[in-house]
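Notes for the one structure printed next.
No lab work stands behind these numbers, since they all come straight from the coordinates. In this text the structure is predicted, and so the values were computed from the model without any measurement. No Cβ is skipped: glycine too gets one built from the backbone with ideal geometry, and neighbour counts run over all protein chains shown.
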2 protein chains.
Amino acid sequence: SSAVRASALPMREAAAARMPSPPHREVALALAEEVYARLGAQLLPSAVPADVAEFVNGAGTAVGTLDVRRGAPASSIDFVLQSSLHCKVPNGAIDITSILIFLDASTDAPHFLMEFIQGSPASMVVILDLLPRKDLALHPEYIEKYYQNTQLDKQREKIEELPQTRPYRSTSLFVRSACSPTAVSVSIDCGQGGESILEEIVYGHLASVAKGVLQIWLDSCAGNTSEMTEVERDAMVKRDQIVRSKSIEVDLTANLPRMFGSDVSSRVIAEIRKAFGVQEA
Amino acid sequence: SSAVRASALPMREAAAARMPSPPHREVALALAEEVYARLGAQLLPSAVPADVAEFVNGAGTAVGTLDVRRGAPASSIDFVLQSSLHCKVPNGAIDITSILIFLDASTDAPHFLMEFIQGSPASMVVILDLLPRKDLALHPEYIEKYYQNTQLDKQREKIEELPQTRPYRSTSLFVRSACSPTAVSVSIDCGQGGESILEEIVYGHLASVAKGVLQIWLDSCAGNTSEMTEVERDAMVKRDQIVRSKSIEVDLTANLPRMFGSDVSSRVIAEIRKAFGVQEA
């Protein structure tokens, strides 16, 4: 496992030269370390080409990193995707840090999704969920197994009890529909001059909740295999494909070209499509 | 249609003798009038027995009314259910007013759900949704047709922009899962002495939003029939059954006995089960 972890480090070190490390990114990278520590032995080395592992736009105002580690054949992990984006804008910068861990069709356990989007020094958006792979209204037993019994909702309550948080709703109704009923989807706004308050929240509440959700996922989902009929598995795979395609469409093809131009972003999106196992629409 | 409407009136008049009319109930009854005006010709007369049309508990501290009108055979309406509950509690009273309009299997269009729950003079919970009948993550085209194109989300935004509203989350993860991503699910709290502010909101914003959602449902869902394969229809019917059974379980079998005792509530729940077409669990 140390050999596997070492293979990811050069990429992250190279990127660190230009990629800023706001507190939220430190929290995310610590979680990624934990993922690699727990799952490293099940992951193949990163196979992302160098010009996608780190990329910049022509003007040098935007920098991104992407790491994708596929699961080994015997593992139920499909891939671990970790990405950081930093993009200067007229009044500051946007920093986005994401970790996605998707499972393959040997299990019906939820995927792990974490996304931090910081658009100003004192405010950010947090999305943190175990993405369901079945129609929850049709499968109350799935809700019970992965969401009720794991007490996932307590993590959401912990962050929503902060007076600085408000619900964040994606403008995409599809994205809202793909999330679980326990999804953390909040904006944290600490107001003018609230940079140090946000920092405190990020290292405190946010780190603890993100770690809590990841722990639940690692304990209840990561090692899971599920008995399914062929028909059930086919239905799940079909649903997964749609969720994967639509997420790329909504999240990336809509935004990345604006930040990095069409050449760089096509290259990056092609690599993400490969990880997701979906064709261009 | 006037004969049909007349048949519902004696029930409502009898109930009016004991059932209080807080502002939210007046708003709900006006909407019910609109439903009967638009759909009356497609509805059969009420067939609810007198002791369920109006019911009280032994101590006389709780009173309820229930009206169920089935759709005529050629109509896509399965039933219109309208209910009011009033229950004295140590520090006041709880008033619940609901309108549910469910469609049958000739269409995949969403059901209409409206529930007002007032637990104190200055605060209440509002749930208002077009309940999806398909797995939205699997059917982006369904989201587009019934939720995106109808601009339903604007109604939610209109009520959430009020400073007195906060998101309300059902403690049941199933109920949350059954709702659409545009569902209005808020508590409105006007604070100590805020009775007249709440009244203003109820007759203003709330009446307008509830009417807006009903209008969308009447225009885009009520008259709808849908081409479906046998397999698609079977899947939808199965999903519908689960949503219906679980709603009764979560909403009624958990709460009604506490208010009305087991005899009265069994009678009422049996009648609702009949409307919903589901057997006792």
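How do the peptides B:44-54, B:214-224, B:128-138 rank, highest first, by the average count of neighbouring beta carbon atoms within 10 Å per residue? Walk me through the numbers before you get to the answer.
Numbers: B:44-54: 16.0, B:214-224: 18.4, B:128-138: 22.8.
Put in order of decreasing packing, that is B:128-138, B:214-224, B:44-54.
Does region B:165-233 classify as rounded, prolate or oblate by the C-alpha gyration tensor (a ≥ b ≥ c root eigenvalues; a/c under 1.5 gives rounded; else a/b over b/c gives prolate, otherwise oblate)? Each step should come with its number before you reach the end.
Values: a/c = 5.51, a/b = 1.79, b/c = 3.08.
Oblate.
Rounded to the nearest Å, what's the spacing between the alpha carbon centres of region B:220-281 and region A:194-265? Just the number, please.
Region B:220-281 and region A:194-265 have Cα centres separated by 34 Å.
In whole Hz, what ³J(HN,Hα) sequence does region B:106-121 give by Karplus (6.51, -1.76, 1.60; θ = phi - 60°), x for Gly and Pro?
My calculation for region B:106-121 gives 7, 9, 9, 5, x, 7, 9, 9, 9, 9, 10, 10, 10, x, 7, x Hz in order.
Give a quick list of GluC sites (Glu not before Pro) in region A:128-214 that DSSP marks as loop, anything other than H, G, I, E or B, with at most 13 other Cβ atoms within 10 Å. Could the numbers behind the result be given before it?
Values: sites: A:Glu141, A:Glu144, A:Glu157, A:Glu160, A:Glu161, A:Glu195, A:Glu199, A:Glu200; in loops: A:Glu161.
Taking region A:128-214 and a limit of 13 other Cβ atoms within 10 Å, the loop GluC sites (Glu not before Pro) found are A:Glu161.
Treating only the Cβ atoms of Lys and Arg (+1) and Asp and Glu (-1) as charged, compute the dipole magnitude of region B:2-229 about its Cα centre; round to the nearest 20 debye. Don't skip to the answer; put the middle values down first.
Working: 18 positive and 26 negative charges, 50 e Å.
Magnitude of the dipole: close to 240 debye.
How far is the Cα center of region B:30-57 from the Cα center of region B:141-172, in Å?
Using only Cα atoms to place each centre, the spacing works out to 27 Å.
Most exposed first by the Cβ proxy, i.e. fewest other Cβ within 10 Å, how do B:Val27, B:Val237, A:Val231 rank? Mind showing how you got there, number by number?
Working: B:Val27 20, B:Val237 13, A:Val231 8.
Ascending number of Cβ neighbours within 10 Å: A:Val231, B:Val237, B:Val27.
Check which residues have an amide H placed less than 5 Å from A:Ala72's amide H, if you skip close sequence neighbours.
Here A:Leu43, A:Leu44 satisfy the definition.
Can you give the local net charge around A:Val52? Use residues other than it whose beta-carbon is closer than 11 angstrom to its beta-carbon, Lys and Arg +1, Asp and Glu -1. Don't jump to the answer; show the numbers that get you there.
Values: positive: A:Arg267, A:Lys274; negative: A:Asp51, A:Glu54, A:Asp67, A:Glu271.
Net charge in that neighbourhood comes out at -2.
Give the shape of the protein assembly as shown as rounded, prolate or oblate, defined through the alpha-carbon gyration tensor: a ≥ b ≥ c are the square roots of its eigenvalues, a/c under 1.5 means rounded, and otherwise the shape is prolate if a/b is larger than b/c and oblate if not. It would help to have the intermediate numbers written out before the result.
On the way: a/c = 2.22, a/b = 1.83, b/c = 1.21.
Prolate is the answer for the protein assembly as shown, as a/c is 1.5 or above and a/b outweighs b/c.
Can you sort A:Cys87, A:Cys190 by how many other beta carbons sit within 10 Å, fewest first? Please list the in-between numbers first.
On the way: A:Cys87 18, A:Cys190 21.
Final ranking by Cβ density, sparse to dense: A:Cys87, A:Cys190.
Put +1 on the Cβ of each Lys and Arg and -1 on the Cβ of each Asp and Glu in region A:2-229; which of A:Gly204, A:Ala105, A:Pro45 then has its Cα farthest toward the positive end of the dipole?
Of the options given, the answer is A:Pro45.
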